[in-house]
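None of the figures in this text is laboratory data; all of them are computed from the coordinates on show. Here the structure is a predicted model, which is why all the values come from computation and not from measurement. Positions of Cβ are backbone-derived with ideal geometry, glycine not excepted, and every protein chain shown enters the neighbour counts.
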Amino acid sequence: MQLNPYQSAVAAGLYIVLVVSLMQFASAIAKPDDTILAPIAFLSTFVLSAAVMGYLFLLQPITMYMEGKKDGAIRHFLKTVAAFSLITATIFLLAIFVR
């Protein structure tokens, strides 16, 4: 699957929304307990998220780099990071000003 940098950034943002929504839903229905499962679930989610973000941010630039398109790979990565930075800044501003 080839995504342009902006699609990758939006996909990353949507993935975060999905994970947070699932966590909110789970915390609303689950009882707090002191079992080993909570830290395992947290660490598993962290590792899964690292893999998904690595795929979204790095797969296309690494593929381009390996094909000899080094400048294009760097531009693609930086555009993805810049677009995701704008999404992140927008979320922070919404969190601060919208209540």
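Data overview
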| item | result |
| --- | --- |
| Magnitude of the charge dipole, the chain, Cβ model with Lys/Arg +1 and Asp/Glu -1, debye to 20 | 300 |
| For the chain, average projected area of the Cα convex hull in nm² | 8.1 |
| Extension reserve of the L3-L59 stretch, reckoned as 0.36 nm per residue once the Cα distance is removed | 19.2 nm |
| Simple spin-label estimate for K69 and I96 in nanometres, 7 Å along Cα-Cβ | 3.7 |
| A26 paired with S85, simple spin-label distance in nm, labels 7 Å along Cα-to-beta-carbon | 3.2 |
| Expected 222 nm ellipticity per residue - DSSP helices of 4 or more, -39500 (n - 2.57), all of the chain, to 500 | -30000 deg cm²/dmol |
